[in-house]
Structure formats: C-alpha cells, structure tokens
C-alpha cells in the first residue's frame with residue numbers, strides 16, 4: 001500500500017532518479033532478510049516532508065519501500081550530515097538495539113546523486129509532530145503512557161553495554177561534554193549573522209561550569225525527542241523505531257535527557273519559548289518535564305541533580321542548530337522559505353537559555 005506520510009518531491013530537491021535506480025539495481029542484494037527482492041518492479045520516489053536538515057526520501061520498488069537519506073543541498077559544515085558515519089553507526093548499533101533501523105546500502109560516490117547517501121529499512125508507525133494523531137486522540141491516560149514509554153526507551157538505550165558490544169569504539173567518552181560545549185560554541189561563532197549577548201554569556205557559563213566526566217558512559221543518541229521516535233499505530237505505547245542517528249556517539253547520557261527536556265515545552269512556559277518550539281506536550285495528559293526527570297531517574301538509577309546544566313546546554317545547542325539553518329538561507333545557500341524567519345526562533349531560544357542561566361546562578 002502506498003505511504004500516507006510522504007509527499008511529492010519539493011522543488012529544488014529533485015535528484016538524478018535514473019542514476020539512483022541504476023545504482024540500487026547493482027548494489028541491493030537479491031534477498032533482504034531472507035525474502036527475495038524484485039528489482040524489476042516499478043521504481044518511484046517520494047519525499048518525507050518533515051525535518052529541516054538531512055533530506056529523506058521514500059524509495060519504492062513496487063510495493064516494497066526503503067528510506068534513503070542524503071545531506072541537504074549547498075555547503076555544509078565539515079563534520080555535519082555525515083551519511084557514511086550514520087550508515088556505519090546503524091550497522092553497528094542495530095544488532096544490539098533493534099529500534100535502530102537496519103541499513104542496507106551505502107553510496108559514497110558523489111557522482112550518482114551529488115552527495116553520499118544510504119538506504120535503510122522502512123518502518124511503519126506513527127510519528128507525533130505538532131498535532132496529536134488520531135491513534136492517541138483525547139485519551140489523556142494514553143498520552144501519559146506514551147510519555148512513560150518514551151522515557152523508558154531512552155533509559156533502555158542507555159543500558160546497552162557499550163563495552164561488551166564494542167560500541168564504545170564509536171566515540172570518545174573522555175571529555176565528551178567539554179567537546180560538545182566547545183564545539184557548539186564554535187559553531188555559533190561561525191554561523192551568527194548578528195551579535196546576541198545572551199548566546200555569548202550562556203556559552204561562557206556552560207564552559208565555566210563543565211561537569212566532570214561520567215564514570216559510566218553510554219550510547220548517546222544526541223537527538224532524542226518525541227518526533228524522532230515512531231509509535232505502533234495499533235498500540236502507541238509501543239515504540240517501533242528511533243530515527244535520526246547521525247549524531248549518535250558514546251558519552252554522558254544526561255546530554256540526551258537534557259535535549260529531551262529542551263524539546264518538551266509544557267503549559268505555562270514563557271510565550272517566547274513555546275512560540276519557537278511548538279509541541280503537543282503543552283496539552284493535557286503528557287508528562288511535565290519534572291515527570292521526565294523523575295521517571296528517568298527511577299528507571300536508570302542515575303543522579304539528575306545537575307540536570308539544569310544539561311537542559312540549558314540543549315537549549316543553547318538548539319539555538320545554534322537553527323542558526324546554522326538560517327545562515328544557509330541568509331547567504332543564499334538554500335532558498336527554502338520555511339527558513340526565512342528562523343532568526344526570530346534563534347533569538348527566542350537565546351533569551352530562554354539566558355533566563356535559565358540566571359535561574360541556575
């Protein structure tokens with residue numbers, strides 16, 4: 001059955017479909033997971049319209065679907081949008097944590113579609129974005145159970161033994177938070193289009209108050225949030241996939257918790273913040289951020305007394321991410337009008353982070 005969550009290709013994001021089809025015909029195996037693959041079936045491509053970063057396409061051979069990811073058009077930061085790394089991460093993680101989709105084909109030849117790309121399995125389910133899907137609806141108890149599942153799944157990801165699986169080798173746990181803060185502060189300096197004193201002061205505060213390295217590093221997804229998980233349509237409390245693994249590494253798991261809190265606005269938040277980061281989580285039934293902290297602490301056994309630092313860093317980082325997107329629009333590297341007012345989002349997040357700094361002291 002054709003997808004209902006895909007759309008026609010956005011203007012300017014078309015690719016060389018003939019070259020793509022030819023490459024996949026040559027490199028896809030004759031069988032996938034024990035089932036024959038009919039590459040003579042009609043070939044077609046649509047696009048997953050969500051997201052503001054990497055481009056994600058739905059590739060079909062007849063009724064069989066795959067997900068293809070490639071970097072955005074135009075110049076990108078040297079270490080960003082690394083498709084070969086994301087492919088290799090999924091290949092390493094999938095056998096030990098099955099919510100990571102299985103990758104099938106990696107292409108590093110930019111002559112095919114203009115950039116490296118990879119193909120992975122297509123999982124089916126519901127992704128909660130800016131409206132509550134009908135599978136959840138007005139059931140407040142169900143919203144709470146979905147919230148619980150989201151937090152529990154994050155704790156389960158952090159429980160994967162990175163030593164016995166060898167996954168410790170995908171990153172460098174020592175100095176992880178320090179590198180994160182320094183790296184994102186540097187990205188701000190390189191992408192800013194105006195001076196924001198709030199960003200400068202928040203970066204200084206984060207660097208001055210770096211927490212010590214965790215003695216128990218874990219997998220860190222680095223982009224874990226409600227709209228990066230896929231729920232079972234028949235039972236939304238069951239998570240069937242975690243998406244967007246490109247920034248996954250190993251280090252301090254509280255980086256993930258802080259980011260989840262950042263992407264979880266709640267009723268009563270300042271308007272400047274909720275306007276910049278809309279989410280269903282402001283509606284009744286969903287966890288509060290305090291609920292997330294309490295549930296994660298109970299499930300993981302970790303000390304979250306310093307979670308305010310990680311939450312503040314996540315808001316700062318999100319401001320930089322959005323600024324990088326706005327910078328590409330500002331200098332004409334992309335003409336996607338969705339990005340035209342992203343500078344206002346950056347300013348709102350900068351003020352929010354600075355307010356949190358002042359509250360933390």
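Points worth noting:
- Computed lengthening from residue 123 to residue 21, 0.36 nm per intervening residue step minus Cα-Cα distance: 34.6 nm
- Taking the convex hull of Cα positions in the chain, its mean projected area over all directions (nm²): 18.0
- Per-peptide packing, taken as the mean over residues of other Cβ atoms within 10 Å, places 243-249, 208-214 in the sequence 243-249, 208-214 from highest down.
- Taking label points 7 Å from Cα along the Cα-to-Cβ direction, residue 30 and residue 358 give a separation of 6.9 nm.
- By the count of other C-beta atoms within 10 Å, a proxy for reagent exposure, 349, 157 are ordered fewest to most as 157, 349.
- Taking the convex hull of the alpha carbon positions in the range 145-290 and averaging its projected area over all directions gives 10.5 nm².
- Computed extension length for residue 305-residue 200: 35.3 nm, one decimal, from 0.36 nm per residue of separation with the Cα-Cα distance subtracted.
- Three principal axis extents of the range 17-121 based on alpha-carbon atoms, in descending order, are 39, 35, 26 Å.
- Extended-chain gain in nm, criterion 0.36 nm per residue less alpha-carbon gap, residue 156 and residue 207: 15.4 nm
- Of 316, 326, 73, the sequence from fewest to most neighbouring Cβ atoms within 10 angstrom is 73, 326, 316.
- Theoretical ellipticity at 222 nm over the chain - DSSP helices of four or more residues, -39500 (n - 2.57) apiece, nearest 500: -12500 deg cm²/dmol
- Taken along the Cα-to-beta-carbon direction at a fixed 7 Å, the label points for residue 237 and residue 40 span 4.8 nm.
- In plain terms, the residue of 182, 337 with the fewest other Cβ atoms within 10 Å comes first and the most crowded comes last, giving 337, 182.
Where a number appears in this text, it was derived from the coordinates with a stated rule and is not lab data. Remember, predicted model here, so these are calculated numbers, not experimental data. Counting neighbours? That spans all protein chains shown, and the Cβs are built from the backbone with ideal geometry, glycine included.
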